[in-house]
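Here's the structure, in structure tokens; my notes come after.
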Amino acid sequence: MGKKSKAVDKAAWAVLCLSVIGWAYAGMQIIEGDRAEQAALKQWDMRHHAAPQAALPAAGLPEERREEASAVRAGVGKSAAEPAPSAPQTAVQEKAAVWGVIYIPKADKRIPLFAGTEADVLKKGAGFDPNGAFPGQPGNSVISGHRDTVFRVLSQTKPGDDIQVETEAGVFTYTVESTEIIKETGTYSFPEEEASVLRLITCYPFYYAGPAPERFIATARLRTQN
């Protein structure tokens, strides 16, 4: 065997080793994310079974920010993939506290919802962008999640499917109107909405090695609220 062949074999072996390490790391991240997801759901269930739910104005916003929240009608200018300010401490007593639950009946899937879209938040579940309208209020409610964990289920989402969002303010049932795939631009601007519209965003393609070049957006409109 010549020197060139040996060099090729070594390079191929190195690539294989790196691939195995990469997939192993990804697998560990998924396992850790699933544990955090289940822990958050348990936290939510224990909190709500222990005491009756109390509807909080503007999902727990302090008085000085309620007018600001109710005034949000236009699309969200910041990307759901970019860091966004966390919800006020009055809405989530601590950053690690689960803020709500998304339920997708079609897949019988429950997803913990947290305030903010920082990287550490999205490791545990879906993240609500507080720059947008709160679920149930007029305007765009934007929620993001990772394609390889909590929002993998969106690969099955079709128009007509129901999506429920439960927060301290109640349970809001949305019906999916459309799904679309757009290029990753870093900024998303949605049309102004007078009704309550839910935008679920994740990376696309769902099965892709490395940073995904596109975004998948499911748009749903409020049907009922309790």
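Return the Cα extents of segment 178-226 along principal axes one, two and three, sorted largest first, each rounded to a whole Å.
Extents along the principal axes: 40, 21, 15 Å.
Non-local amide H neighbours of Gly132 (under 5 Å, H modeled in plane, Pro and chain starts lacking H): which ones?
Val142
What ³J(HN,Hα) values, in whole Hz, does the Karplus curve 6.51 cos²θ - 1.76 cosθ + 1.60 give for segment 167-182 when θ = phi - 60°, with x put for Gly and Pro?
Here the 3J(HN,Hα) series is 10, 4, 7, x, 10, 10, 9, 10, 10, 5, 9, 7, 10, 8, 10, 10 Hz.
Rounded to whole Å and sorted largest first, what semi-axes of the equivalent ellipsoid does the C-alpha gyration tensor of segment 89-226 yield via the square root of 5 times each eigenvalue?
After scaling each eigenvalue by five and taking roots: 21, 18, 15 Å.
For Tyr174, enumerate residues with amide H under 5 Å from its amide H, sequence gap 5+ or separate chain, H modeled in the peptide plane.
Here the answer is Ile163, Gln164, Val165, Arg223, since their amide H atoms fall under 5 Å of that of Tyr174.
Do any GluC sites (Glu not before Pro) in segment 170-207 lie in a loop, going by DSSP, with at most 15 other beta-carbon atoms within 10 Å of their beta carbon, and if so which?
On the way: sites: Glu177, Glu180, Glu184, Glu192, Glu193, Glu194; in loops: Glu184, Glu192, Glu193, Glu194.
Sites meeting the loop and neighbour criteria: Glu184, Glu192, Glu194.
List the residues, sorted by chain then number, that are 5 or more residues from Glu184 or on another chain and whose placed amide H is less than 5 Å from its amide H.
Amide H neighbours of Glu184: Glu214, Arg215.
Please give the contour-minus-distance gain from Ile182 to His48: 0.36 nm per residue of separation, less the Cα-Cα distance, rounded to one decimal in nm.
On the way: separation 134, 0.36 × 134 = 48.24 nm, distance 3.76 nm.
The Ile182-His48 span can extend by a further 44.5 nm.
Which whole-number value in Å² is the accessible area per residue of segment 105-213, probe 1.4 Å? Please list the in-between numbers first.
On the way: 4360 Å² over 109 residues.
Value for segment 105-213: 40 Å² per residue.
Report, to the nearest whole %, how much of the accessible area of segment 158-226 belongs to carbon and sulfur atoms, 1.4 Å probe, protein only.
Numbers: 1710 of 3520 Å².
Of the solvent-accessible surface of segment 158-226, carbon and sulfur hold 49 percent.
So how exposed is Ile111, as accessible area in Å² (1.4 Å probe, rounded to 10)?
About 0 Å², rounded to the nearest 10.
The values are calculated or read from the model by the stated rules, or taken from the named source; none is laboratory data. Remember, predicted model here, so these are calculated numbers, not experimental data. Positions of Cβ are backbone-derived with ideal geometry, glycine not excepted, and every protein chain shown enters the neighbour counts. Quick note on the areas: whole protein, heavy atoms, side chains included, nothing else; ligands and nucleic acids left out. Shrake-Rupley method; radii C 1.70, N 1.55, O 1.52, S 1.80 Å.
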